[in-house]
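Quick one: the structure is below, questions incoming.
Just so it is clear, none of the values below were taken in a lab; they were calculated from the coordinates. A quick note: this is a predicted structure, and the numbers were derived from the prediction, not measured. All Cβ positions, glycine included, derive from the backbone under ideal geometry; neighbour counts span all protein chains shown.
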2 protein chains.
Amino acid sequence: MRIAELFGIRVPVVQAPMAGVQGSALALAVSNAGGLGSLPAAMLGRDALGRELEAMQRGTTRPWNVNFFCHANPAPDPAADAAWRALLDPYYREFGIAGELQPRAAAREPFHADLLPLLERFRPPVVSFHFGLPEEALLAPLRAWGARIVSSATTVAEARWLEARGVDAIIAQGLEAGGHRGHFLDDDLTRQMGTFTLTPRIVAAVGVPVIAAGGIADAAGVRAALALGAAGVQVGTAFLCCAEATTGPMHRAALAAPDADHTALTNLFTGRPARGIVNRLMRELGPINAAAPAFPSAASALLPLRQAAEARGRTDFTPLWAGQNTAGCRAVPAAELLAGLAPGAAESAQ
Amino acid sequence: MRIAELFGIRVPVVQAPMAGVQGSALALAVSNAGGLGSLPAAMLGRDALGRELEAMQRGTTRPWNVNFFCHANPAPDPAADAAWRALLDPYYREFGIAGELQPRAAAREPFHADLLPLLERFRPPVVSFHFGLPEEALLAPLRAWGARIVSSATTVAEARWLEARGVDAIIAQGLEAGGHRGHFLDDDLTRQMGTFTLTPRIVAAVGVPVIAAGGIADAAGVRAALALGAAGVQVGTAFLCCAEATTGPMHRAALAAPDADHTALTNLFTGRPARGIVNRLMRELGPINAAAPAFPSAASALLPLRQAAEARGRTDFTPLWAGQNTAGCRAVPAAELLAGLAPGAAESAQ
């Protein structure tokens with residue numbers, strides 16, 4: 001089954017949920033243009049989530065998706081936090097920041113039971129998860145109102161795990177993808193495969209529709225993913241410069257710079273490996289550093305540095321999330337970008 | 001221009017040259033079945049190369065390729081060699097090997113001027129290089145007899161460099177590919193892109209035909225690569241279990257094992273990053289270890305360990321070269337495997 005049929009959409013493209021750089025505006029633009037727009041909930045508090053869900057419900061009659069992280073928050077580890085701040089101390093001194101007076105970074109909260117009544121008010125047609133799935137007791141209510149359940153797999157083993165738990169579709173997140181890797185069964189990064197390998201391997205291993213993600217930036221990429229057996233695609237990076245995204249101006253400038261295609265997986269910004277454009281912090285500490293505390297704890301110690309550097313026009317400490325293929329980024333309305341990804345489907349949507 | 005036209009072949013598939021696991025037999029089988037068979041010269045001495053070139057000339061009237069490395073041999077570095085052997089010393093003791101009495105590993109020699117008279121006797125229709133290109137004075141004679149010149153790019157910058165030096169086609173070696181990475185302008189592995197990104201980026205950047213490599217294991221993969229703009233594909237891993245390959249039985253068994261899809265880039269076996277199935281040495285020293293001396297010096301200290309372990313039926317020290325996509329490996333004649341990669345082209349070759 002193709003995802004157009006599964007989700008009731010016209011264009012076989014899921015707009016990837018990208019916490020911190022987009023909200024309902026981008027998701028609505030994509031859904032109203034015939035794709036599946038996604039609202040990222042991971043960095044929204046309960047009130048903000050309620051407002052965004054209301055915006056989605058008001059703004060479209062088409063299917064849409066809301067995405068949650070489902071990590072387990074780590075136990076407090078003051079020693080690890082102290083070691084992390086000690087490593088960052090030269091930067092605090094460089095920017096004249098008191099390392100002890102940290103504002104909290106925007107929290108990343110996992111999906112939890114208290115959100116169910118709120119969600120039920122809006123009954124999102126699709127609910128997607130990253131880092132596995134919440135327990136079945138939290139999924140059953142979503143299924144009860146007919147929501148399609150989707151999650152990401154970065155290995156064949158994760159895809160089989162998700163299928164066994166009854167997901168309606170699996171996102172095959174290839175190594176090229178931007179933002180956080182969704183791995184949840186094994187944190188050995190050498191097990192992460194490129195889109196060209198991961199997509200057909202997962203297609204061969206499971207019976208549910210597979211959505212290819214990672215490196216897909218234009219209509220040729222969509223055709224190639226479908227040739228590999230995908231039932232549709234998920235595209236994130238290409239939407240980052242769209243008018244409706246909230247991507248900051250320095251992040252947009254980095255995406256347009258000649259070295260935008262130099263990305264790396266880094267655990268520095270949150271504690272979990274995520275792909276972003278290489279910047280000063282990644283160069284100086286190494287993109288993967290064992291001192292970064294467990295996800296999502298690494299973020300709060302970096303926030304004052306990011307703020308201080310950005311105030312001076314520098315992205316030395318800014319997570320510049322991006323996939324390897326930044327060639328598709330364009331500062332156009334999302335509907336125009338979506339139409340370019342699937343010209344045939346977009347025409348039939350007129 | 002598609003590579004079928006460029007090389008005068010029927011099936012748009014280059015069989016990847018794989019030094020150490022194949023010779024003229026595999027190359028001939030592929031060329032005679034309508035693809036472009038490749039003879040890897042890097043580990044052949046001059047006499048063996050002469051015999052293999054003669055076998056190619058006698059064995060086919062179809063186009064074929066001979067592949068050379070073109071690295072610069074490093075200056076002797078006794079301190080680095082000693083440090084490397086010291087790191088390996090616990091293994092020497094485990095296997096009762098005197099670390100001082102090393103047989104030399106099969107040498108990896110770069111292309112050099114003394115080979116030109118030998119090559120001119122056989123005038124290979126295609127000459128491909130890995131790790132860049134030799135100097136122009138060594139290429140001019142090949143061009144003079146009409147050989148097509150090909151090399152691998154792992155970044156857009158490398159593709160532009162190759163095009164500026166007049167290559168006839170560029171292999172876009174995606175990160176999924178097995179064996180040695182071909183990078184030659186920058187050894188920062190974070191610049192290496194997956195096939196799904198690298199192929200269209202290079203296609204957009206150069207005017208010569210681009211051959212996609214890395215993760216292509218079946219007909220769907222070939223179609224997907226062509227959809228991304230490739231003029232043809234290069235396939236290596238899928239041929240490793242063919243009857244005509246000289247892949248050893250333990251390597252074949254590893255390719256058929258459930259964990260064959262766990263590969264990593266490692267510099268342990270030669271000093272340069274190359275993709276192979278994760279084994280004991282890679283797990284215990286880390287796949288990338290700064291103590292491994294410069295390519296190709298790392299190999300000789302490992303050879304006695306490899307021999308001793310293999311004598312006990314173990315691949316602890318064997319380079320098990322493989323790409324990420326081992327799903328296409330089949331113990332069939334190469335002609336049958338080739339036909340499966342491009343059913344339409346193979347039919348028209350009947």
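Using a label point 7 angstrom from Cα along Cα-to-C-beta, what distances in nm, from shortest up, separate residue B:145 from the other copies?
Distances between equivalent label points, in nm: 7.4.
Treat every Asp and Glu Cβ in the protein assembly as shown as -1 and every Lys and Arg Cβ as +1, leave all other atoms uncharged, and give the resulting dipole magnitude about the Cα centre to the nearest 20 debye. Before the final figure, lay out the partial values.
Details: 58 positive and 60 negative charges, 159 e Å.
So the magnitude is around 760 debye.
Compare B:244, B:54, B:163 in a GNM of chain B, Cα atoms joined below 10 Å, and give the one with the largest fluctuation.
Of B:244, B:54, B:163, the Gaussian network model singles out B:54 as fluctuating most.
With both partners inside segment A:3-348, how many of the DSSP beta bridges are antiparallel, as a percent to the nearest 5? Could you put the intermediate results ahead of the total?
Working: 7 of 36 bridges.
Beta bridges within segment A:3-348, antiparallel portion: roughly 20 percent.
Determine how many Å³ per residue the convex hull of the Cα atoms of segment B:125-225 encloses. Walk me through the numbers before you get to the answer.
Values: hull volume 10.1 nm³, N = 101.
Dividing the Cα hull volume of segment B:125-225 by its residue count gives 100 Å³.
In terms of modelled amide H atoms, which long-range or inter-chain residues lie less than 5 Å from the amide H of residue B:129?
Excluding prolines and chain starts, which carry no amide H, the hits are B:68, B:150, B:151, B:152.
Residue by residue, what Karplus-based ³J(HN,Hα) values in Hz, rounded to whole numbers, does segment A:80-87 have, using 6.51, -1.76 and 1.60 with θ = phi - 60° and x for Gly and Pro?
5, 4, 5, 5, 5, 5, 5, 5
With the label 7 angstrom out along Cα to Cβ, how close does residue B:248 come to the same site in each of the other copies, in nm, nearest first?
Values, ascending and in nm: 5.4.
Sorting A:171, B:3, A:288 on the 10 Å Cβ count, fewest up front, what's the list? Provide the component values of the computation, followed by the final result.
Numbers: A:171 31, B:3 27, A:288 14.
Arranged by neighbour count, lowest to highest, A:171, B:3, A:288 become A:288, B:3, A:171.
With only Lys, Arg, Asp and Glu charged, each at its Cβ (+1 for the first two, -1 for the last two), find how big the charge dipole of chain A is about the Cα centre; round to the nearest 20 debye.
On the way: 29 positive and 30 negative charges, 88 e Å.
About 420 debye.
Another question, then. Along Cα→Cβ at 7 Å, what distances in nm separate the residue A:45 label point from those on the other copies, shortest first?
Nearest first, the other copies' label points are 7.6 nm away.
Further question on the same structure: Nearest 0.05, what FRET efficiency do residue B:259 and residue A:136 give at R0 = 25 Å with Cβ-Cβ as r? Please report the intermediate quantities before stating the final value.
Numbers: r = 29 Å, r/R0 = 1.18.
That pair, residue B:259 with residue A:136, gives E of 0.25.
Still on this structure, please answer the following. List the residues, sorted by chain then number, that are 5 or more residues from residue B:23 or on another chain and whose placed amide H is less than 5 Å from its amide H.
B:246
Once the Cβ-Cβ distance between residue B:93 and residue B:113 is put in as r, and R0 is 51 Å, what FRET efficiency do you end up with, to the nearest 0.05? Mind dumping the intermediate values first?
Numbers: r = 44 Å, r/R0 = 0.86.
With a Förster radius of 51 Å, E is 0.70.
Rank the residues A:30, B:210, A:206 as a footprinting-exposure proxy: fewest other Cβ atoms within 10 Å of their Cβ go first. All intermediate terms of the calculation are to be shown ahead of the outcome.
Working: A:30 31, B:210 28, A:206 20.
Final ranking by Cβ density, sparse to dense: A:206, B:210, A:30.
Considering just Cα atoms, how many Å³ per residue does the convex hull of segment B:70-163 enclose?
It is 165 Å³ per residue.
Express the C-alpha Rg of the protein assembly as shown as a ratio against the empirical globular expectation 2.2 N^0.38 Å, rounded to two decimals. Provide the component values of the computation, followed by the final result.
Working: Rg = 26.1 Å, N = 700, 2.2 N^0.38 = 26.5 Å.
After normalising by residue count via 2.2 N^0.38 Å, the value is 0.98.
Placing +1 on the Cβ of each Lys and Arg and -1 on the Cβ of each Asp and Glu in the protein assembly as shown, which of A:111, B:196, A:342 has its Cα farthest towards the positive end of the resulting dipole?
After comparing all options, I get A:342.
May I pose another question? Can you tell me what share of the DSSP beta bridges in the protein assembly as shown is antiparallel? A percent to the nearest 5 is fine. Let's see the in-between values first.
Working: 14 of 72 bridges.
DSSP beta bridges in the protein assembly as shown are roughly 20 percent antiparallel.
If you rank A:228, A:139 by fewest surrounding Cβ atoms within 10 Å, what's the result?
On the way: A:228 28, A:139 19.
Fewest to most other Cβ atoms nearby, the residues stand as A:139, A:228.
Please average, across the residues of A:226-232, the number of beta carbons from any other chain that are within 10 Å of each residue's own beta carbon, and give a whole number.
Working: counts 4, 10, 9, 4, 1, 0, 0.
Neighbouring Cβ atoms belonging to other protein chains average 4 per residue here.
For chain B, what's the relative contact order in percent, using C-alpha pairs closer than 8 Å and at least 6 residues apart?
Rounded, it is 21 percent for chain B.
Give the Rg/Rh ratio for segment A:119-175, taking Rg as the radius of gyration of the Cα atoms and Rh as the Kirkwood radius, to two decimals.
Values: Rg = 11.4 Å, Rh = 11.6 Å.
Using only Cα positions, Rg/Rh for segment A:119-175 is 0.98.
Looking at the P(r) of chain A, how many percent of alpha-carbon pairs lie beyond 29 Å? Walk me through the numbers on the way to the answer.
Values: 21779 of 61075 pairs.
The calculated P(r) of chain A puts 36 percent of pairs beyond 29 Å.
Let me ask another. Pick from B:190, B:247, B:315 the residue whose mean-square fluctuation is largest in a GNM of chain B, springs joining Cα atoms under 10 Å.
B:190
Right, another one. Which one, A:167, A:137, A:31, is farthest towards the positive end of the dipole of chain A when Lys and Arg carry +1 and Asp and Glu -1 on their Cβ?
My answer, from the dipole projection, is A:31.
Here is a follow-up. For segment A:287-302 and segment A:187-253, compute the distance between their C-alpha centroids and round to whole Å.
26 Å
Something else about it: If I take all pairs of Cα atoms in segment B:1-58, what percentage of them are more than 14 Å from each other? Working shown, then result.
Numbers: 879 of 1653 pairs.
Everything past 14 Å amounts to 53 percent.
Please work out, to two decimal places, the log10 of the ratio I(q)/I(0) at q = 0.08, 0.14, 0.19 Å⁻¹ from a Debye calculation in which every Cα of segment A:34-190 carries one identical scatterer.
At q = 0.08, 0.14, 0.19 Å⁻¹ the computed log10 ratios are -0.30, -0.82, -1.20.
Report, as a whole number in µm² per second, the diffusion coefficient that Stokes-Einstein gives for segment A:190-332 at 37 °C and 0.692 mPa s using the Kirkwood radius over alpha carbon pairs. Kindly include the intermediate steps, with their values, before the conclusion.
Working: Rh = 16.5 Å.
The estimated diffusion coefficient comes to 199 µm²/s.
For the protein assembly as shown, can you list the cysteines whose C-beta has no other cysteine C-beta under 4.7 Å from it?
A:70, A:242, B:70, B:242
Angle, helix A:195-205 long axis vs. longest principal axis of chain A, Cα atoms, 0 to 90°, nearest 10?
Helix A:195-205 sits roughly 50 degrees off the main axis of chain A.
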